[in-house]
Amino acid sequence: MKIERTLLIIKPDGVARGLIGEVLVRVERKGYRIERIKTLTMDRVFAETHYAEHKGERYYKDLIDYITEGPVVVAVIAGENPIDNLRKIMGATDPLDATAGSIRGSYATSVTRNLVHGSDSTESAAHEIALFFPEMAD
Ligand code: IDP
Ligand code: MG
């Protein structure tokens, strides 16, 4: 089995609503290991770096306001095929399109305030892990 990694973020609404455990239990029960985990509050400069590819989108300001509004939990998730599996556990970006049993399908109603983030490719996972956990970069 090839061990790979992805970055999970429980966004400010997930932390404020007391859903940290709910998210992590699903990730662990799927079979993944939580290799690193911490709480932090992103400032706007950091958030703009993380979401740089969205700059110019009409929802960009709302996204930066949202992600900086309070603490988030950031974790490195390790195991087999973590990127695609985590995105499946999370559900589609818009909770309306997310399957009913997914995290977003179960707990979110808004396309912006959709509780969780997961890296979307091997490249973005490596980039995001290095951004949030620079001590892990090799
Ligand atoms: P993802 O989080 O499922 O990978 P992305 O397209 O990468 O989705 O968008 C990043 C974040 O930006 C989303 O999770 C959501 O918070 C916000 N977002 C994306 N698309 C929209 C939109 O059409 N309207 C409002 N917010 C959006
Ligand atoms: Mg994305």
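The values are calculated or read from the model by the stated rules, or taken from the named source; none is laboratory data. Being a predicted model, the structure only gives us computed values, none of them experimental. Cβ atoms come from the backbone with ideal geometry, glycine included; neighbour counts cover every protein chain shown.
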* Exactly one of (1) in contact with a Lys or Arg (Cβ under 9 Å, 6 or more places away or on another chain); (2) in a helix (DSSP H, G or I); (3) over 19 Å from Ser102 (Cα atoms) is unmet by Glu35. Its number? -> (2)
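Of Ala47, Ala52, which residue is within 16 Å of the chain's Cα centre (by Cα), farther than 24 Å from Ser102 by Cβ and either crowded, with 17+ Cβ neighbours inside 10 Å or modelled with pLDDT under 95 (or both)?
Details: Ala52 fails: either crowded, with 17+ Cβ neighbours inside 10 Å or modelled with pLDDT under 95 (or both).
Going through Ala47, Ala52 in turn, just one is within 16 Å of the chain's Cα centre (by Cα), farther than 24 Å from Ser102 by Cβ and either crowded, with 17+ Cβ neighbours inside 10 Å or modelled with pLDDT under 95 (or both): Ala47.
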* What is the residue count in region 85-138 for residues that are in contact with a Leu (Cβ under 7 Å, 6 or more places away or on another chain) and exposed (fewer than 15 other Cβ atoms within 10 Å of the Cβ)? -> 0
* **Hey, Ala47 in contact with a helix residue (DSSP H, G or I) (Cβ under 7 Å, 6 or more places away or on another chain), of a type in the set (Gly, Ala, Ser) and either farther than 16 Å from Gly14 by Cβ or more than 10 Å from ligand 1 (Cβ to nearest atom) (or both) or not** => yes
* To do: Would you please list the contacts, defined by Cβ atoms under 8 Å and residues six or more apart or on different chains, that run from a residue in region 25-51 that is farther than 16 Å from Ile83 by Cβ and in contact (Cβ under 8 Å) with a residue 24 or more places away in the chain to a residue that is among the hydrophobic types (A, V, I, L, M, F, W, C) and exposed (fewer than 11 other Cβ atoms within 10 Å of the Cβ)?
  => none
* Structure fact -> Reported set for region 68-84 where residues are without any contact (Cβ under 8 Å) to a residue 60 or more places away in the chain and either surrounded by 19 or more Cβ atoms within 10 Å (Cβ to Cβ) or touching an Asp or Glu at 6+ places or on another chain (Cβ under 7 Å) (or both) is Thr68
